[in-house]
């Protein structure tokens with residue numbers, strides 16, 4: 001599937017959720033503290049995700065990839081949030097993290113953003129949680145792929 005095809009699927013999925021009316025979840029989006037995110041962050045994180053071990057398991061709040069932007073330890077990170085308890089116990093594989101970052105990049109986000117787990121089949125983060133790129137106060141010593 002070409003990147004333009006992936007973006008078309010993403011846009012169609014967003015449209016279906018909006019047409020359903022009852023869905024209040026934001027779905028895939030390019031929101032965040034965009035004044036603190038930098039242009040190209042989404043693409044850079046998608047590119048860096050190549051180095052993520054595919055079998056590695058990630059859970060809520062765990063920093064996956066970070067770029068420190070100030071010497072006081074603030075930066076922009078990739079992390080999971082809102083995973084329901086059963087899903088958080090199982091975690092999310094590095095392989096799925098890579099796929100979701102590529103979907104967010106293909107969607108057209110340039111700085112910050114979020115994508116629901118299970119996208120594009122599900123575009124409701126309230127059901128399964130989401131992968132987010134956003135500003136954090138402390139990168140916890142991570143300046144690339146976090147260990």
Give all pairs with beta carbons closer than 7 Å in which a residue from region 81-95 that is at negative phi meets a residue that is part of a loop (DSSP other than H, G, I, E, B) and crowded, with 18+ Cβ neighbours inside 10 Å; count only pairs at least 6 apart in sequence or on separate chains. 81/129; 83/129; 84/129; 87/129; 92/117; 94/52
Taking the condition of being modelled with pLDDT under 85 and assigned to a loop (DSSP other than H, G, I, E, B), how many residues in region 18-34 meet it? 8
Would you confirm whether any residue within region 107-118 is out of contact with any strand residue (DSSP E or B) (no Cβ under 9 Å at 6 or more places or on another chain), closer than 21 Å to residue 27 by Cα and at pLDDT 95 or above? yes
Is it the case, given these coordinates, that residue 37 is farther than 11 Å from residue 134 by Cα and either within 14 Å of the chain's Cα centre (by Cα) or in a loop (DSSP other than H, G, I, E, B) (or both)? no
Residues that are within 19 Å of residue 41 (Cβ to Cβ) and in contact with a helix residue (DSSP H, G or I) (Cβ under 8 Å, 6 or more places away or on another chain): list the helices (runs of 4 or more DSSP H) wholly contained in region 62-147 that include at least 1 such residues. 94-107
Residue 140 versus (1) surrounded by fewer than 19 Cβ atoms within 10 Å (Cβ to Cβ); (2) under 14 Å from the mean Cα position of the chain (by Cα); (3) on the phi > 0 side of the Ramachandran plot: which is the lone unmet condition? (2)
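The values are calculated or read from the model by the stated rules, or taken from the named source; none is laboratory data. Remember, predicted model here, so these are calculated numbers, not experimental data. Ideal geometry is used to build each Cβ from the backbone, glycine not excepted, and the neighbour counts take in all protein chains shown.
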